[in-house]
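First the structure, in the form of structure tokens, and then the observations on it.
The values are calculated or read from the model by the stated rules, or taken from the named source; none is laboratory data. From a predicted model like this one, the values you see are computed outputs, not experimental measurements. Cβ atoms come from the backbone with ideal geometry, glycine included; neighbour counts cover every protein chain shown.
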Amino acid sequence: MSKHLIIILIALTAAGFANVAQAQKSKTQTPRQGSQTQRKTDEFIIPPSREGYKSISSGRKAIVSRLTGSLSVASESGATILLEQVGNKKFKLQGEIKPGDLQFIFNNLKPGVYRVSAELEGYKTARGTEPSQEVMIAANKVAQVDFKLTLITYNLTVETNVKSGEIRYALAGRTNQTVQQIRNGRAVLRDLVPGKYSLEIDPAELGYQSHKETVEVGEGNTSFRAELKRNISVDTYSANWSTLDDWNVPSGWEVVNEKLVAKRKGVGLPRSEAIRHYADFQLVCNVRMINDVAASFVLRAQEKPGGKLSYYLIQITGSKADQPHVLRGFVITDGVEKRLPTSITYSPEQLPAGQFFRVIIDCVGNSMSVKVLGGDEYPLGALKDFDRTFLIGAPGIAVRNNEEMEVEMFYVTPKK
């Protein structure tokens with residue numbers, strides 16, 4: 001091998017080692033440069049945390065100098081204000097806006113870029129503002145930042161098995177209640193702060209019991225279903241006409257020889273709440289028309305606040321009525337009378353004048369079927385309310401106008 005060839009081979013080998021070394025150096029330097037860039041990016045994105053922050057008090061007023069600036073942060077009373085200097089991990093301050101105040105002042109800040117945020121339990125940053133902001137502090141100047149915080153609230157949707165009524169609610173332990181109406185089985189309680197709420201549900205529909213419940217409102221707890229218990233009368237009832245202690249009756253009604261004598265306009269109903277909520281039932285009553293005008297019966301009576309009554313009025317008229325010898329019915333709503341569309345005429349021979357006869361009324365759904373027993377059993381027919389005005393209520397006795405009647409037996413049996 002010639003001397004010149006050996007020199008060339010040595011030169012090529014040295015250049016190869018140099019390239020390998022440079023490649024290895026590049027591999028070790030590239031990740032470091034990349035990680036430093038990534039850390040700076042992360043510092044810009046991640047909002048301040050409470051770790052490593054020093055607590056300070058707010059300045060009474062903003063103070064600046066030729067070397068330092070000041071920062072005034074406006075927010076809600078009680079909010080915690082966090083401040084850190086971008087690029088200086090050791091500079092972390094926090095303070096709390098005093099009760100009654102609406103700002104926090106940081107003094108003696110060196111010029112630079114700072115990141116500031118506001119926090120308050122139960123509040124969130126208002127729409128349109130960021131949870132943290134960057135602000136430039138300059139010497140001899142006061143920078144200002146405004147954080148609008150709003151209460152964190154939720155809407156609670158309450159669904160029930162009653163179509164109407166009202167819900168009274170308040171934070172648990174408080175007495176000031178808010179009222180919301182139930183419409184079509186649903187109510188929305190709006191702008192509730194997180195916490196436990198006491199709910200009182202009062203149905204407008206008869207036949208349901210009031211309901212009380214405590215519910216938790218918050219993230220993931222924004223709906224609730226309340227099942228109100230039915231309040232239907234299920235016991236058989238028989239009136240005892242030894243006294244009127246068990247009945248609400250108009251003045252002038254009285255008991256004579258263990259019979260009820262009704263001679264003045266009005267409605268008589270059993271007092272017991274257990275008798276006030278019959279749905280489908282059979283009423284059996286022995287009655288006599290004293291003045292041969294009518295025998296009148298109340299079905300599904302409902303008493304509203306203030307004592308106003310609504311009910312079905314069923315009449316069997318006598319020979320001295322304005323419309324003699326008919327079965328007829330009325331819908332009475334808060335004292336306003338509406339005639340049911342059907343009237344059924346019966347034969348006078350079926351009910352001997354001045355004598356007791358038995359009336360049997362089967363009240364099922366919107367139909368009231370009536371039959372009488374004077375001697376033989378005689379079906380008078382059925383009256384129907386196609387509007388289904390009343391589906392539950394109390395049975396009773398009525399005097400519509402000038403009729404006078406005497407009631408012996410009064411017996412109610414619920415239908416299963």
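Here are the numbers:
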| item | result |
| --- | --- |
| Qualifying residue in the stretch 382-399 (condition: more than 24 Å from residue 277 (Cα to Cα) and out of contact with any Ser or Thr (no Cβ under 7 Å at 6 or more places or on another chain)) | no |
| Considering residues of the stretch 106-136 that are surrounded by 13 or more Cβ atoms within 10 Å (Cβ to Cβ) and charged (D, E, K, R) only, the residue farthest from the chain's Cα centre (by Cα) | 110 |
| Options 300, 328: the member that is of a type outside the set (Val, Ile, Thr), at positive phi and outside any loop (DSSP other than H, G, I, E, B) | 300 |
| Within the stretch 49-157, strands (runs of 3 or more DSSP E) holding 2 or more residues that are aliphatic (A, V, I, L, M) | 69-74, 80-85, 103-109, 112-119, 132-137, 142-146, 149-151 |
| Residues of the stretch 380-412 satisfying the condition of being without any contact (Cβ under 8 Å) to a residue 60 or more places away in the chain, assigned to a strand (DSSP E or B) and either charged (D, E, K, R) or not assigned by TED's automatic domain parsing to the domain that holds residue 363 (or both) | 384 |
| Number of the condition not met by residue 193 [criteria: (1) assigned by TED's automatic domain parsing to the domain that holds residue 105; (2) in contact (Cβ under 8 Å) with a residue 24 or more places away in the chain] | (1) |
| Of all residues in the stretch 214-265 being among the aliphatic types (A, V, I, L, M) and over 40 Å from the mean Cα position of the chain (by Cα), the one that is surrounded by the most Cβ atoms within 10 Å (Cβ to Cβ) | 262 |
| Any hit, the stretch 311-328, residues being of a type in the set (S, T, N, Q) and under 30 Å from residue 202 (Cα atoms) | no |
| Qualifying position, being farther than 18 Å from residue 237 by Cβ, in a strand (DSSP E or B) and free of Cβ contacts under 8 Å to residues at least 60 places away in the same chain, among 349, 337 | 337 |
| Candidate set: the stretch 195-214, residues that are out of contact with any Ser or Thr (no Cβ under 8 Å at 6 or more places or on another chain) and not in a strand (DSSP E or B); chosen: the one nearest to residue 234 (Cα to Cα) | 207 |
| Flag for residue 167 being crowded, with 19+ Cβ neighbours inside 10 Å, modelled with pLDDT of 95 or more, farther than 24 Å from residue 152 by Cβ and not assigned by TED's automatic domain parsing to the domain that holds residue 301 | no |
| Single match in 274, 321 (criterion: at pLDDT below 95, of a type in the set (A, V, I, L, M) and not in a strand (DSSP E or B)) | 274 |
